[in-house]
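A.B. asks: Dropping a structure here in structure tokens format, bear with me for questions.
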Amino acid sequence: MKQQQFESQYQATWQQFEEMLDELESSKKISRSMASFPALYRAVCSHYAIANERHYSSALCGVLHSLAVRGQRQLYRHRGHWLWRFAHFLLFGFPGVVWRHRGVVLLALGLFWLPAFAMGLAAYWFPDSIYMITDGYNVAQFETMYDPGNEHLGRRENRAAESNFAMFGYYIMNNVGIGFRTFAGGMLLGLGSIFFLVFNGLQIGGVAGYLTWRGYIETFWGFVAGHSAFELTAICICGAAGLLLGKALWMPGRLSRMQSLRAAAKDAVQLLLGGMLLLVMAAFVEAYWSPLNSVPAFVKYVVGASLWLLLILYFVVAGGWRESR
Amino acid sequence: MDKPAALDTFSHFETPEGVVLTMSVAGPVTRALAWLVDAVIRYSIVFAIAIVGSTLGNLGNGLLFLTIFLMEWLYPVVFEVLKGATPGKKQLGLAVVHADGTPLTWSSSLIRNLLRAVDFLPFLYGLGLLSMLIHPQFKRLGDMAAGTLVVHVTANGKRRAIPKTEPLPLQMVLSANEERAILDFAERSEQLSPSRADELAQHVVQALIERGYVNSTAGESASQTLVRIANSLVRS
């Protein structure tokens, strides 16, 4: 068949397909029926293959190629209702992936909690050791923040709701940023994640030990009790996501390093998203619940402990249950 | 195909429909420019929120922090998933796709964009640039982990038709590639200046006459002859 015959025979098909593409690519609402789209797409693909095989002019092949590429982008788009997918992720996806990678998650927890405990005890017994991890200015800041003599807690008590919102924004920016960096560090053969986990453990443990030594018990522990479960677990989970990337690079198994990295990244990003959700919740609690001075410290401890329990149950039950089936 | 790997920036992939499609991968310079455009947009938004926020007191501060967070981490993700490219990339005619040409999912876009934090090291995308320069498809580390490519979007330009003239059939059959070269010339002939078109066509027509594909063509220019041959190829 000569090129011109070929063109005149299928021109209408291409025209129709292109109109559909234009409509799908525009952000306007789709008015026509797209039922014939897949069939048209396959037709265009085969026309492209034929045109190539018969060495029709490059311009014709180019037009068909561009139609095929655009069609592919539309046909293989990933869809699904976001609300349903979100609920599914929360109930099954996230706890499931944490459970599946519990070894790595435990490793991350260890990398955070062991230095935290060690530094905490060190700062409690030898308060001067706090200066190994931070400078005098920061120490003075912590002291004023949690000084029971102040009527502040975390920050000013008589602050308005909008000041809570400011802190909420700050916690999101700061903490989620830390979480993301802890993850990204995994790309450096896992070393970056290890560094951030240990570093944060030392910092947090050190400050906690030091303030306990100062006797700021109710102010400090009362403030952090509520959000500690979400925040600390989230940092560890983000770290675990990074370690997963690192593990894929060190130990690719029977895959190439690139394949192993891509496979690990799929799970890592789920860990990370879950960690991010936890951090958002932590920021919310930290901004609106933790600074409440009217609540007795005892209640705060109980709430904090229940949140820890709930979180552990969530992972073990929702994650482990799924696994056992 | 057993041809030696060509030294070009095309990425080929085969679709389930059995055709091989081609994408042209974008290099570091275009991508840096796109990043620059995006940076200007992002910081303008942060700046605008900072100005508006300064009149709102603490509420404004909270808004500013949230904006900084969203601009730093989620701006590229949202645009890449919903629109196929950030405004900066769109401006430079780029799009982000999976290695098999399909549009990005949330998870792959998150992976490639959150790993920016590593590509940025030690400063101003040092690692990312190094990785792009080494990788044959200009992937930065985030692209490798997510399995994504930044590609040029080809314009859906309308092509020109071959000018219709009296067909001039050849005495013998040309090879497929030779036929295609003549067709390509005919389609572009009207974009070339007449003298340049003749200059190009001259070589081909002369060779065709010497080898006996066509009889000598007196009275018309070389490009006219070639267009007539093209007409005989596309029309029966």
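A.B. asks: Looking at region B:22-49 only, could you name the residues that are among the hydrophobic types (A, V, I, L, M, F, W, C) and within 27 Å of A:S66 (Cα to Cα)?
C.D. replies: Once the filter is applied, which keeps residues that are among the hydrophobic types (A, V, I, L, M, F, W, C) and within 27 Å of A:S66 (Cα to Cα), region B:22-49 yields B:M23, B:V25, B:A26, B:V29, B:A32, B:L33, B:A34, B:W35, B:V37.
A.B. asks: A further question on this structure: Regarding B:G142, is this residue touching a Leu at 6+ places or on another chain (Cβ under 6 Å), within 26 Å of A:F168 (Cα to Cα), within 13 Å of chain A (Cβ to nearest Cβ) and small (G, A, S)?
C.D. replies: When the stated conditions are applied, B:G142 does not pass them.
A.B. asks: Turning to a different aspect of this structure: Given the criterion more than 9 Å from chain A (Cβ to nearest Cβ), touching a residue at least 12 places away in the same chain (Cβ under 8 Å) and of a type outside the set (A, V, I, L, M, F, W, C), identify the matching residue among B:E166, B:E179.
C.D. replies: From the options B:E166, B:E179, the qualifying one is B:E166.
A.B. asks: Among the residues of region B:57-67, are any within 26 Å of the chain's Cα centre (by Cα), closer than 22 Å to A:N175 by Cα and aromatic (F, W, Y)?
C.D. replies: no
A.B. asks: Filter the helices (runs of 4 or more DSSP H) completely within region B:88-183 down to those with at least 2 residues that are under 24 Å from B:D8 (Cβ atoms) and aliphatic (A, V, I, L, M).
C.D. replies: Correct list: B:126-134, B:141-146.
A.B. asks: I want to confirm something. Restricting to region A:42-91 and keeping residues that are β-branched (V, I, T) and touching a residue at least 12 places away in the same chain (Cβ under 8 Å), which single residue is nearest to the other protein chains (Cβ to nearest Cβ)?
C.D. replies: Here the residue is A:V63.
A.B. asks: Which residue, of A:P291, A:P252, is over 30 Å from B:A145 (Cβ atoms), within 14 Å of another protein chain (Cβ to nearest Cβ) and either not acidic (D, E) or not in a helix (DSSP H, G or I) (or both)?
C.D. replies: From the options A:P291, A:P252, the qualifying one is A:P291.
This table checks each residue for (1) farther than 21 Å from B:R160 by Cβ; (2) crowded, with 16+ Cβ neighbours inside 10 Å.
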{"residue": "A:L24", "(1), (2)": "yes, yes"}
{"residue": "A:I30", "(1), (2)": "yes, no"}
{"residue": "A:F37", "(1), (2)": "yes, yes"}
{"residue": "A:L40", "(1), (2)": "yes, yes"}
{"residue": "A:C45", "(1), (2)": "yes, yes"}
{"residue": "A:H55", "(1), (2)": "no, yes"}
{"residue": "A:R70", "(1), (2)": "no, yes"}
{"residue": "A:R73", "(1), (2)": "yes, yes"}
{"residue": "A:W82", "(1), (2)": "yes, no"}
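A.B. asks: Moving to a separate point now. May I ask you to list the residues in region A:1-18 that are touching a residue at least 12 places away in the same chain (Cβ under 8 Å), more than 11 Å from chain B (Cβ to nearest Cβ) and not aromatic (F, W, Y)?
C.D. replies: Correct list: A:T13, A:Q16.
A.B. asks: Residue check: is B:A85 surrounded by fewer than 20 Cβ atoms within 10 Å (Cβ to Cβ) and closer than 29 Å to A:I178 by Cα?
C.D. replies: Answer is no for this residue.
A.B. asks: Mind telling me which of the residues B:V40, B:V96, B:V46, B:V52 ends up being among the β-branched types (V, I, T) and closer than 23 Å to A:L272 by Cβ?
C.D. replies: B:V96
A.B. asks: When region B:156-182 is examined, which residues are found to be touching a helix residue (DSSP H, G or I) at 6+ places or on another chain (Cβ under 8 Å), modelled with pLDDT under 85 and not charged (D, E, K, R)?
C.D. replies: The answer is B:N156, B:A161, B:I162, B:P163, B:T165, B:P167, B:L168, B:P169, B:L170, B:L174.
A.B. asks: Something else: Please find, within region B:74-88, the residue that is modelled with the lowest pLDDT out of those that are within 12 Å of chain A (Cβ to nearest Cβ) and touching a helix residue (DSSP H, G or I) at 6+ places or on another chain (Cβ under 6 Å).
C.D. replies: The residue in question is B:V81.
A.B. asks: Could you identify the single residue in B:T30, B:T67, B:T102 that is of a type in the set (S, T, N, Q) and more than 10 Å from chain A (Cβ to nearest Cβ)?
C.D. replies: On inspection, the qualifying residue turns out to be B:T30.
A.B. asks: Same structure again: Tell me which residues, restricted to region B:8-27, are outside any strand (DSSP E or B) and either crowded, with 17+ Cβ neighbours inside 10 Å or within 14 Å of another protein chain (Cβ to nearest Cβ) (or both).
C.D. replies: Of everything in region B:8-27, those that are outside any strand (DSSP E or B) and either crowded, with 17+ Cβ neighbours inside 10 Å or within 14 Å of another protein chain (Cβ to nearest Cβ) (or both) turn out to be B:T15, B:P16, B:E17, B:G18, B:V19, B:A26.
A.B. asks: Here's another thing I want to ask about it. Under the condition of being modelled with pLDDT of 85 or more and in contact with a Leu (Cβ under 8 Å, 6 or more places away or on another chain), which residue from region B:121-137 is farthest from B:F13 (Cα to Cα)?
C.D. replies: Restricting to residues being modelled with pLDDT of 85 or more and in contact with a Leu (Cβ under 8 Å, 6 or more places away or on another chain), the top hit is B:L127.
A.B. asks: Kindly list the number of the only condition in (1) under 20 Å from A:F230 (Cβ atoms); (2) modelled with pLDDT under 90; (3) more than 10 Å from chain B (Cβ to nearest Cβ) that fails for A:G275.
C.D. replies: (2)
A.B. asks: Within 18 Å of the chain's Cα centre (by Cα) and surrounded by fewer than 20 Cβ atoms within 10 Å (Cβ to Cβ) - does that describe any residue in region A:284-296?
C.D. replies: Yes - at least one qualifying residue is present in region A:284-296.
The values are calculated or read from the model by the stated rules, or taken from the named source; none is laboratory data. Just so it is clear, the structure is predicted and the values come from calculations on it, not from any experiment. We place every Cβ from the backbone using ideal geometry, glycine too, and count neighbours over all the protein chains shown.
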